[in-house]
Amino acid sequence: MRRFRVGWRVLFVVAVTPLVYVAIQYPVRLWETIATANIVRDLGFRGVPMVLQTSILLVPYHHGAFWVTLTPSCSALAPALAITCLASMMPRASARRFLAVGGAVVAVVVGNFLRICSSVVVGLYAGKSSLVLFHDWVGSMIGFAFTLGGFVLMLWIMLPARASAPIPSVVAEDAQ
């Protein structure tokens, strides 16, 4: 019976997750785009005059203006859903599991904002080509780091701490 329930849970997650992704990816990207523009402006960078749907107009300091579009692959939604799906496979729902998933998702979202905002700032200083280069290379490493970091944080919160067993000491006996 237990295998049956686990199998249904896996099938449910595999079937429902893509539907959830398709249903909410645009509103999430819209929120991320607006938040990114506001964060960059709040940090004191001029050159982000407008947001149009999921695109930001950048006016670099020494280059021509260009649009930056936050595509579905740039969103934090996919890694956040992946972590949520992994957590849903754990036995027994508990407050600890919800805290762990929440912490992991927050880490993923904050890390993704760091990645996107730093790419935008590079674009403001060095232009479109540098933004693409930074996004593709450094941004990929940042993306890997925050996704892995969120997963490790989730495991650290969710898994119970083990009491360390005392290390047996070797007592030398006097041979007389």
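For this structure, a couple of remarks:
- Using a Gaussian network model of the chain in which every pair of alpha carbons under 10 angstrom is joined by a spring, one finds that among LEU114, LEU11, LEU153 the greatest mean-square fluctuation is at LEU11.
- Principal-axis tilt of helix 77-88 within the chain, Cα atoms, nearest 10 degrees: 20
- Full-extension gain in nm, LEU133 to ALA93, via 0.36 nm per residue minus C-alpha separation: 10.2 nm
- Between the Cα long axis of helix 2-42 and the first principal axis of the chain there is an angle of about 40°, rounded to the nearest 10.
- Loop-resident trypsin sites (Lys or Arg not before Pro) (DSSP state other than H, G, I, E or B) in segment 1-55 with no more than 16 further Cβ atoms inside 10 Å of their Cβ: ARG46.
- Working from Cα pairs under 8 Å separated by at least six residues, relative contact order for the chain is 21 percent.
- Note on the chain: with a GNM built from Cα contacts shorter than 10 Å, the maximum mean-square fluctuation among ALA82, ALA95, ALA107 falls on ALA95.
- Whether the chain is rounded, prolate or oblate, judged on the alpha carbon gyration tensor where a/c under 1.5 counts as rounded: oblate
- Helix 95-126 and the long axis of the chain differ in direction by around 30°, with both axes built from C-alpha atoms.
- Once both labels are positioned 7 Å from their Cα atoms along Cα-to-Cβ, the gap between TYR26 and TYR61 label points is 3.8 nm.
- Between the beta carbons of THR17 and ARG46, assuming R0 = 35 Å, the FRET efficiency works out to 0.30 to the nearest 0.05.
- Dipole in debye (nearest 20) - segment 2-158, about Cα centre, beta carbon charges: Lys, Arg +1; Asp, Glu -1: 720
Bear in mind these aren't lab numbers, they're just calculated from the coordinates by the rules spelled out. Computed from a predicted model, the values in this text were never measured in an experiment. Cβ atoms come from the backbone with ideal geometry, glycine included; neighbour counts cover every protein chain shown.
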